[in-house]
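Asker: Please see the structure below; I have some questions.
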Amino acid sequence: MSVPTVVSDEAVARLDDEHVAAMEGLRRARAVGVRAFVERFLAQPFAVAGSILLGIVAATAIFAPLIAPYDPFGLYPPLGQPGQGHWLGTDPLGRDVLSMIIWGGRVSLAFAFGAAALSLAVGVVMGAVPGYVGGIVDDIFSRFLETFLVIPRLFLIILIVALLGSNIVFVIAVMGLTMWPSNAKIMRAQVLSIKKRGYVQAAIAAGVSPLPIIFRHVVPNGLAPVIANSTLQMAYAVLTEAGLSFLGLGDPNQVSWGQILNAGQSYVRSAPWIVISPGLAIMTLLLGLHFVGDGVTRVLNPRLSLGRE
Amino acid sequence: MDHALEVKDLRKHYPVRGSLLGSIGVGERRVVHAVDGVSFAVAHGEILGLVGESGCGKTTTGKLVTRLEAPTSGSIVFQGRDIAGLSRSQLRTVRQHLQIIFQDPYDSLDPRYTVEMTVQEPLLAQRVDAAERRRRVEETLDMVELRPARMFMSRYPHELSGGQRQRVAIARAMIVRPTFVIADEPVSMLDVSIRAGLLTLMRKWNRELGVSFLFITHDLGVARYMSTRIVVMYLGKIVETGETEAIIGRPLHPYTQMLIAAVPDPDPRNRRAEQELRGEVASAIDPPSGCRFHPRCPLAAAICADKEPALRQLRDGRLAACHFAE
Amino acid sequence: MKSPPVHGKAAPAAREPRSGTTLLEVRDLAMHFQVGSGWVRAVDGVSFELRRGETMGIVGESGSGKTSLGYAMLRLLPANGRILRGSIVFDGVDLVQLSEPELRRLRWTRFAMIFQNAMSALNPVFRVGDQIVDAVRHHTGVSRIAARERAADLFQLVGLSRTRLRGYPHEFSGGMKQRAMIALALSCKPDLVIADEPTTALDVVAQGQVLRQIKDLQRDLGLAMIFISHDISVVAEICRNVAVMYAGELVEYAPTEQLLTEPRHPYTMALLRSFPSVRGPLKTLLSVPGSPPDLVRPPSGCRFHPRCPFAQPICSEVSPPPIPTVDGGWARCHFTEEIRRRGSDAIDVLEKVG
């Protein structure tokens with residue numbers, strides 16, 4: 001038997017193809033991108049449960065005009081027991097509780113997404129830029145950040161709202177602008193380690209300017225824990241809004257769950273359905289947010305994409 | 001321009017963080033002497049090997065030359081200009097001609113970027129249009145033997161092997177057609193059986209396109225294979241320079257001798273005489289007085305602790321920093 | 001029951017390797033571990049023998065399964081790992097059949113491991129000396145004072161000063177940590193030591209020092225040693241015999257000198273030609289085309305055939321058995337005889353490819 005031949009060019013090319021094909025299986029376990037994320041997210045039962053809860057709340061809120069049996073501001077016999085006509089009863093002013101719950105979801109979700117989104121945007125920029133630039137800018141900035149974090153947020157919000165008004169957009173903005181420091185802190189910590197990575201150094205060596213580097217390389221790779229934190233912030237926003245409304249500081253033009261709690265607080269014994277319903281609604285939304293947040297964290301943390309061979 | 005790159009008396013000192021008193025300015029500021037007065041030159045079309053163990057300052061030297069860090073003092077003359085003090089925007093034109101390949105193939109590619117996006121990035125900074133970028137990416141991927149280029153362009157780093165990733169990194173460095181490349185341990189994290197392919201690629205690049213290299217490595221075998229001349233560093237200073245075969249065959253500085261003696265060799269025909277391997281690398285914060293190697297040196301005498309030996313010229317154009325080398 | 005080896009500078013004559021009895025016999029060992037939907041066949045039918053006081057090297061690259069083999073031999077399996085078949089007979093006892101408590105009695109007292117990264121073995125919050133004392137007391141039950149003495153002796157043995165016993169791991173340099181690990185491994189006087197890339201993380205000079213230390217210790221204590229590394233030069237320094245591992249299998253086994261001068265397997269040949277040498281003549285470096293195989297679905301027949309310049313149709317169909325070569329060695333290649341006739345330069349065909 002003679003010993004042949006050199007491996008041909010085609011054979012070498014085929015080797016690479018085979019190698020890539022053989023990597024398919026491992027690829028799915030380590031892929032980046034939205035699809036992989038969704039796949040892994042949906043593999044977790046709690047995350048799925050949370051998504052369903054969120055979905056229910058969101059659907060009710062979106063389709064409120066179609067679902068709600070009555071106008072939430074319409075007045076009917078007050079303190080009516082749950083029964084025919086008013087499934088969840090009526091509050092002391094005569095408003096239908098069920099309709100208020102359905103419409104109230106909109107406010108809660110607006111706060112959740114609005115405040116969290118604002119907090120995310122501001123926090124990311126305020127954390128990434130000083131973190132990347134370093135030096136004095138970073139030093140000054142970190143001190144400022146720490147000071148901010150020490151101030152009790154809830155009292156600050158209450159103070160601002162009490163003094164300056166409770167228009168819903170305004171309050172969402174206030175919340176977003178007081179929540180961002182925790183995102184900034186997380187983002188900054190990520191940036192400090194990511195800016196030392198090879199691909200960032202390579203981009204610098206290639207002559208790319210700092211701003212594109214920060215927003216094309218550093219932020220996307222460091223966003224994971226910030227996103228996870230954002231889901232928690234959504235829950236916080238919902239709860240804070242409920243608290244504000246409960247204290248009577250909510251926007252009187254809006255129907256909100258906290259408001260219902262406020263209305264029913266004196267009737268806990270005689271008409272408990274007034275406080276039970278919004279309580280359950282808030283709990284549902286918060287559970288959903290927490291489960292989803294937990295699911296997101298789990299997917300993003302252990303080895304989402306940066307698998308070594 | 002005489003040389004592709006000329007470095008003179010380069011220094012980089014890092015402040016040592018940590019002590020409470022130090023951070024409020026009390027007491028002497030402690031400093032890591034990472035690079036402490038290094039001078040060398042790389043001729044056009046040459047591959048200069050920068051060799052040493054960890055902590056000797058070779059990687060820092062590489063970062064200084066690419067201006068990823070700014071030197072504490074000293075000059076770096078590239079294309080007739082001293083780039084040591086230039087600002088980022090001033091460096092942009094320089095960066096087209098001076099590129100770097102990093103050690104870690106798992107770290108030097110953005111996991112969220114496809115190969116195409118990674119390789120074309122330097123062109124974005126040079127403001128080349130999209131169609132031209134795509135053409136050059138294909139062309140360069142073909143040059144680094146990632147074929148078929150089209151297939152590789154849409155891949156993500158995690159779908160590639162270590163060797164393939166390193167080729168992508170090389171492609172990214174090559175795409176702007178630099179005249180000078182710093183290669184910082186480019187194969188040390190790869191399997192031995194695939195190193196040769198990448199080393200051959202870099203040699204081809206050097207031979208056919210005339211690209212000069214500063215090749216940083218701790219592996220003497222690789223340094224020997226790639227470089228025409230070698231610079232040996234220890235604790236932030238150069239201890240010996242010269243032609244590769246001359247240094248390997250007859251090392252003049254005691255540290256170089258120790259380094260070569262320590263390398264195991266698979267070929268039983270090359271068994272060498274046992275030489276004493278003494279001591280450990282000292283601290284770069286408080287380096288030994290006089291000659292930094294003296295605590296470990298078999299030739300050490302009183303003068304070695306007092307007076308630091310200058311890098312002096314010996315016969316055959318070789319340089320060594322030792323009182324007793326000849 | 002054999003008497004424990006004598007420690008100290010005077011090496012007993014009974015430690016002559018060739019006349020030693022078999023200490024370890026591994027037969028058709030297979031260890032797989034589960035990853036996602038598939039099983040990674042990390043060790044897939046490995047057999048070899050090791051005599052008392054003998055040194056054997058296992059050379060392989062990443063993905064060859066060599067580290068898994070080392071751990072499998074001590075029955076230190078990852079949570080998702082299983083031994084599928086085979087036997088590991090150590091001094092007459094099959095380790096595969098033993099229960100975990102029985103194994104624990106043997107580990108460290110009869111065989112021990114030197115890990116690649118000292119950090120895996122040394123706890124950073126305890127003094128190094130205390131860790132050795134704990135290990136000794138845990139396995140042999142001697143008094144604290146006796147254990148302290150033993151720790152001091154061990155440090156001396158590995159070339160560390162006694163005063164270092166009170167130090168913490170972060171105060172040790174890389175080379176010193178590795179020596180401390182060697183001391184830890186030797187603390188209960190094992191007959192067999194498995195060293196997994198013990199010098200890979202070290203600088204050149206430190207590596208040279210630790211290797212010399214290991215060589216001296218092995219000789220003086222008459223230890224049987226299995227030295228796992230990707231670096232064939234390191235293995236050549238220490239081991240009398242070498243096995244080359246690829247894709248979960250041992251593809252060649254031979255006395256070291258033999259393997260280096262007359263390799264009989266294409267992979268071995270390519271591997272030898274991919275190390276740039278520091279001394280000796282400069283030769284063209286060769287690269288093996290392709291990539292290490294997927295261990296979940298390894299290639300059919302000979303696992304190296306997709307990358308082998310000498311491959312023939314039979315190579316993809318039939319897995320080559322170990323074919324005897326010289327001096328008790330063997331090679332898993334259908335064409336090992338042809339290779340011998342052509343000489344080690346036959347691998348130069350790779351120059352046209354690589």
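Asker: Of the numbered conditions (1) surrounded by fewer than 21 Cβ atoms within 10 Å (Cβ to Cβ); (2) within 14 Å of chain C (Cβ to nearest Cβ), B:Thr179 fails exactly one; give the number of that condition.
Answerer: Failed condition: (2).
Asker: Another question, then. Is at least one residue of the range C:296-304 facing another protein chain (nearest Cβ under 7 Å) and surrounded by fewer than 22 Cβ atoms within 10 Å (Cβ to Cβ)? Please lay out each step first, then the result.
Answerer: The first filter runs over the range C:296-304 and keeps only residues facing another protein chain (nearest Cβ under 7 Å), leaving C:296-297.
Checking the rest, the ones that are also surrounded by fewer than 22 Cβ atoms within 10 Å (Cβ to Cβ) come to C:296-297.
Yes, there is a match, as at least one residue in the range C:296-304 is facing another protein chain (nearest Cβ under 7 Å) and surrounded by fewer than 22 Cβ atoms within 10 Å (Cβ to Cβ).
Asker: Determine, yes or no, whether C:Arg332 is of a type outside the set (Val, Ile, Thr) and crowded, with 21+ Cβ neighbours inside 10 Å. Walk me through how you get there before you give the answer.
Answerer: Details: of a type outside the set (Val, Ile, Thr): yes; crowded, with 21+ Cβ neighbours inside 10 Å: yes.
So C:Arg332 passes the test.
Asker: Looking at (1) buried (at least 23 other Cβ atoms within 10 Å of the Cβ); (2) touching a strand residue (DSSP E or B) at 6+ places or on another chain (Cβ under 8 Å); (3) within 14 Å of chain C (Cβ to nearest Cβ), which is the only condition B:Tyr225 fails?
Answerer: Unmet condition: (2).
Asker: On the basis of being among the aliphatic types (A, V, I, L, M), touching a His at 6+ places or on another chain (Cβ under 8 Å), farther than 30 Å from B:Val128 by Cβ and assigned to a helix (DSSP H, G or I), does A:Ala189 make the cut? It would help to see each step written out before you state the result.
Answerer: Numbers: among the aliphatic types (A, V, I, L, M): yes; touching a His at 6+ places or on another chain (Cβ under 8 Å): no; farther than 30 Å from B:Val128 by Cβ: yes; assigned to a helix (DSSP H, G or I): yes.
The answer is no for A:Ala189.
Asker: Okay, moving on. Out of the residues in the range A:202-254 that are away from chain B (no Cβ under 14 Å) and not in a helix (DSSP H, G or I), which is surrounded by the most Cβ atoms within 10 Å (Cβ to Cβ)?
Answerer: The initial filter retains those residues of the range A:202-254 that are away from chain B (no Cβ under 14 Å), namely A:225-254.
After this cut, where a residue has to be not in a helix (DSSP H, G or I) as well, the list is A:247-254.
On the way: A:Leu247: 14, A:Gly248: 13, A:Leu249: 20, A:Gly250: 24, A:Asp251: 21, A:Pro252: 12, A:Asn253: 9, A:Gln254: 19.
Among them, the one singled out is A:Gly250.
Asker: Follow-up question, since we're still on this one. Scanning the range C:257-281 for residues that are touching a Pro at 6+ places or on another chain (Cβ under 8 Å) and over 28 Å from B:Arg165 (Cβ atoms), which turns out surrounded by the most Cβ atoms within 10 Å (Cβ to Cβ)?
Answerer: By that ranking, first place goes to C:Leu260.
Asker: Checking C:Ser233 against (1) more than 9 Å from every other protein chain (Cβ to nearest Cβ); (2) out of contact with any helix residue (DSSP H, G or I) (no Cβ under 8 Å at 6 or more places or on another chain): exactly one of these is not met. Which one?
Answerer: (1) is the only condition that C:Ser233 fails.
Asker: Right, something else. Do we find that C:Pro292 is surrounded by fewer than 24 Cβ atoms within 10 Å (Cβ to Cβ), in a loop (DSSP other than H, G, I, E, B) and free of Cβ contacts under 8 Å to residues at least 24 places away in the same chain in this structure? Before the answer, list the steps.
Answerer: Values: surrounded by fewer than 24 Cβ atoms within 10 Å (Cβ to Cβ): yes; in a loop (DSSP other than H, G, I, E, B): yes; free of Cβ contacts under 8 Å to residues at least 24 places away in the same chain: no.
Spelling it out, it is not the case that C:Pro292 is surrounded by fewer than 24 Cβ atoms within 10 Å (Cβ to Cβ), in a loop (DSSP other than H, G, I, E, B) and free of Cβ contacts under 8 Å to residues at least 24 places away in the same chain.
Condition check ((1) of a type in the set (Gly, Ala, Ser); (2) surrounded by 23 or more Cβ atoms within 10 Å (Cβ to Cβ)) across all residues:
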residue: A:Asp96; (1), (2): no, yes
residue: A:Leu109; (1), (2): no, no
residue: A:Ala116; (1), (2): yes, yes
residue: A:Gly123; (1), (2): yes, yes
residue: A:Pro130; (1), (2): no, yes
residue: A:Asp138; (1), (2): no, no
residue: A:Ser142; (1), (2): yes, no
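Asker: Name the residues in the range C:249-272 that are facing another protein chain (nearest Cβ under 8 Å) and farther than 18 Å from C:Ile58 by Cβ, would you?
Answerer: C:Thr261
Asker: In this structure, is C:Arg137 surrounded by fewer than 21 Cβ atoms within 10 Å (Cβ to Cβ), under 30 Å from C:Val89 (Cβ atoms) and either without any contact (Cβ under 8 Å) to a residue 40 or more places away in the chain or among the aromatic types (Phe, Trp, Tyr) (or both)? Steps first, please.
Answerer: Working: surrounded by fewer than 21 Cβ atoms within 10 Å (Cβ to Cβ): yes; under 30 Å from C:Val89 (Cβ atoms): yes; either without any contact (Cβ under 8 Å) to a residue 40 or more places away in the chain or among the aromatic types (Phe, Trp, Tyr) (or both): yes.
It is true that C:Arg137 is surrounded by fewer than 21 Cβ atoms within 10 Å (Cβ to Cβ), under 30 Å from C:Val89 (Cβ atoms) and either without any contact (Cβ under 8 Å) to a residue 40 or more places away in the chain or among the aromatic types (Phe, Trp, Tyr) (or both).
Asker: Filter the range C:27-52 for residues that are out of contact with any Leu (no Cβ under 7 Å at 6 or more places or on another chain) and assigned to a loop (DSSP other than H, G, I, E, B) and give the result.
Answerer: Across the range C:27-52, the qualifying residues are C:Gly36, C:Ser37.
Asker: Then there is this: What helices (runs of 4 or more DSSP H) completely inside the range B:1-110 contain at least 1 residues that are at pLDDT 85 or above and either in contact with a Ser or Thr (Cβ under 9 Å, 6 or more places away or on another chain) or not aliphatic (A, V, I, L, M) (or both)? Steps first, answer last, please.
Answerer: On the way: elements: B:20-23, B:58-65, B:88-95.
The qualifying helices (runs of 4 or more DSSP H) are B:58-65, B:88-95.
Asker: For the range C:173-198, what are the residues that are over 28 Å from C:Val26 (Cα atoms) and at pLDDT 85 or above?
Answerer: From the range C:173-198, those over 28 Å from C:Val26 (Cα atoms) are C:173-177, C:179-180; that's our starting set.
Residues satisfying the conditions are C:Met176, C:Lys177, C:Arg179, C:Ala180.
Asker: Outside any helix (DSSP H, G or I), among the polar types (S, T, N, Q) and touching a residue at least 40 places away in the same chain (Cβ under 8 Å): does that describe A:Ser182? Show your work before the answer.
Answerer: Numbers: outside any helix (DSSP H, G or I): no; among the polar types (S, T, N, Q): yes; touching a residue at least 40 places away in the same chain (Cβ under 8 Å): yes.
Judged against the criteria, A:Ser182 is not a match.
Asker: Six or more apart or on different chains, Cβ under 6 Å: which pairs go from a residue in the range B:38-57 that's more than 19 Å from B:Gln257 (Cβ to Cβ) to one that's among the aromatic types (Phe, Trp, Tyr) and in a strand (DSSP E or B)? Could you list them?
Answerer: B:Ile47/B:Phe213; B:Ile47/B:Phe215
The values are calculated or read from the model by the stated rules, or taken from the named source; none is laboratory data. Values in this document were obtained by computation on a predicted structure and should not be read as measured data. Positions of Cβ are backbone-derived with ideal geometry, glycine not excepted, and every protein chain shown enters the neighbour counts.
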